[in-house]
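The values are calculated or read from the model by the stated rules, or taken from the named source; none is laboratory data. These figures come from a predicted structure and were not determined experimentally. Here the Cβ positions follow ideal geometry from the backbone for every residue, glycine too, while neighbour counts run over all protein chains shown. For accessibility, only protein heavy atoms count, side chains too; no ligands or nucleic acids. Shrake-Rupley method; radii C 1.70, N 1.55, O 1.52, S 1.80 Å.
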Amino acid sequence: MKLTLRAEWRPRAVSSFLGFLDIKTGVKIVLLFAVFNKVAGIYGLIAIFTGGTLAQVSMYIYSVAALAGYYWGFKAIVEESPSKSLTTAHLFLVDHLLSTIWTLFFGVN
């Protein structure tokens with residue numbers, strides 16, 4: 001016995017980004033925004049010299065390390081390697097979850 005969803009309940013494959021852009025272009029745009037977010041970590045490392053808290057410094061160091069992962073992921077998207085692209089998607093998800101947890105743990109009083 002095979003369990004499947006009814007045909008009308010099955011999710012359709014995404015064929016465009018925002019309805020008018022190619023998927024590959026959309027992924028590149030999203031990754032570039034993520035890289036822009038992580039580049040702020042490089043400038044945030046100045047917090048070490050101005051007496052930043054451990055939470056700030058650790059997040060900035062993590063952001064710099066995540067830049068290497070995004071660089072690798074961007075190359076994987078350009079190569080159109082399915083397994084590396086899936087790994088990049090997982091990296092993006094883990095980065096999002098870690099950043100959210102960090103903000104909730106250290107940012108909310």
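Descriptive notes on the structure:
- In percent, rounded to a whole number, the relative contact order of the chain is 19, using alpha-carbon pairs under 8 Å and six or more apart.
- Against the main long axis of the alpha-carbon atoms of the chain, helix 54-79 sits at an angle near 40°.
- Accessible area of the chain divided out per residue, in Å², using a probe of 1.4 angstrom: 77
- With the highest mean first, a sort of the peptides 22-30, 99-107 on other beta-carbon atoms found within 10 angstrom per residue produces 22-30, 99-107.
- Alpha carbon convex hull of the chain, projected area averaged over orientations, nm²: 10.6
- Top positive-direction residue, dipole computed over the chain with Cβ charges, set 32, 87, 65: 87
- Helix axis angle, 23-44 relative to the chain longest principal axis, alpha carbon, degrees: 10
- Gap separating the Cα centres of the stretch 42-109 and the stretch 8-40, nearest whole Å: 18
- Of all accessible heavy-atom area on the chain, the percent that carbon and sulfur account for (1.4 Å): 70
- Highest average packing first - 46-58, 6-18, Cβ atoms within 10 Å: 46-58, 6-18
- Ordered from largest to smallest accessible area (heavy atoms of protein chains, 1.4 Å probe), the residues 2, 75 come out as 2, 75.
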